[in-house]
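The values are calculated or read from the model by the stated rules, or taken from the named source; none is laboratory data. This is a predicted model, so every value here is computed, not measured. Cβ placement follows ideal geometry from the backbone for every residue including glycine, while neighbour counts extend to all protein chains displayed.
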Amino acid sequence: MELLYLDDLEPGRTFTSAALELTAGAIKVFAAEYDPQPFHLDEEAATGTFFGGLAASGWHVSALAMKLLVASVPVAGGLIGAGGEIAWPRPTRPGDILTVVSEVLEVRASRSHPERGLVTLRSETRNQKGDTVQVTTMKLVVPRRP
């Protein structure tokens, strides 16, 4: 994939990632290390919780979405965040196949740093049914074409 610069991006441009399947084992491994709560660690314990069953940590979903974004939005210099918002409108479950669909909302050149600018990118992480399981709106620092 050709690397993209600020000059290559415009509002409305979209990107779609490859798909990635999330397993119960991966959910438990991530949770044991980073988010050890019963609804992420054990199917039986999870049944009596808010989620009513095993659910991936939102932070796990975020990490997977980042992996998919890096591969599908080839920004020169990498995806460098300058802030953003995140929401998890529904749980991500074992067996979900995740895809990230992203849209450029705004492109703004920097006045104080003419070699770069900011891009606002909205990304939806969706499961195999098309349900949105995560929404992020982030500002990215993107270099201008040399």
| request: Considering every residue within region 86-103, establish whether at least one is of a type outside the set (S, T, N, Q), under 21 Å from residue 146 (Cα atoms) and assigned to a strand (DSSP E or B). | output: no
| Yes/no for residue 69 being buried (at least 16 other Cβ atoms within 10 Å of the Cβ), modelled with pLDDT of 95 or more and closer than 15 Å to residue 4 by Cα | yes
| field | Of residues in region 79-110 being of a type in the set (Val, Ile, Thr), in contact with a Phe, Trp or Tyr (Cβ under 9 Å, 6 or more places away or on another chain) and under 16 Å from residue 134 (Cα atoms), the one surrounded by the most Cβ atoms within 10 Å (Cβ to Cβ) | value | 100
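From 58, 12, grab the single residue that is within 19 Å of residue 100 (Cβ to Cβ), surrounded by 12 or more Cβ atoms within 10 Å (Cβ to Cβ) and of a type in the set (Gly, Ala, Ser). Steps first, please.
Numbers: 12 fails: surrounded by 12 or more Cβ atoms within 10 Å (Cβ to Cβ).
Every option except 58 fails the conditions.
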| Inside region 2-69, counting only helices (runs of 4 or more DSSP H) that do not spill past its ends, which hold 1 or more residues that are touching a Pro at 6+ places or on another chain (Cβ under 9 Å) and of a type in the set (A, V, I, L, M)? | 24-34, 43-46
| note | residue 48 vs (1) modelled with pLDDT of 95 or more; (2) more than 21 Å from residue 140 (Cα to Cα); (3) more than 11 Å from the chain's Cα centre (by Cα): all pass except (1)
| said: Quick check on region 122-131. Is at least one of its residues assigned to a strand (DSSP E or B), hydroxyl-bearing (Ser, Thr, Tyr), within 21 Å of residue 71 (Cα to Cα) and touching a Gly at 6+ places or on another chain (Cβ under 9 Å)? | reply: no
| What is the residue count in region 111-133 for residues that are within 16 Å of residue 20 (Cβ to Cβ), surrounded by 17 or more Cβ atoms within 10 Å (Cβ to Cβ) and out of contact with any Pro (no Cβ under 8 Å at 6 or more places or on another chain)? | 5
| query | Given 32, 76, which one is of a type in the set (A, V, I, L, M), out of contact with any helix residue (DSSP H, G or I) (no Cβ under 6 Å at 6 or more places or on another chain), without any contact (Cβ under 8 Å) to a residue 40 or more places away in the chain and over 25 Å from residue 131 (Cα atoms)? | reply | 32
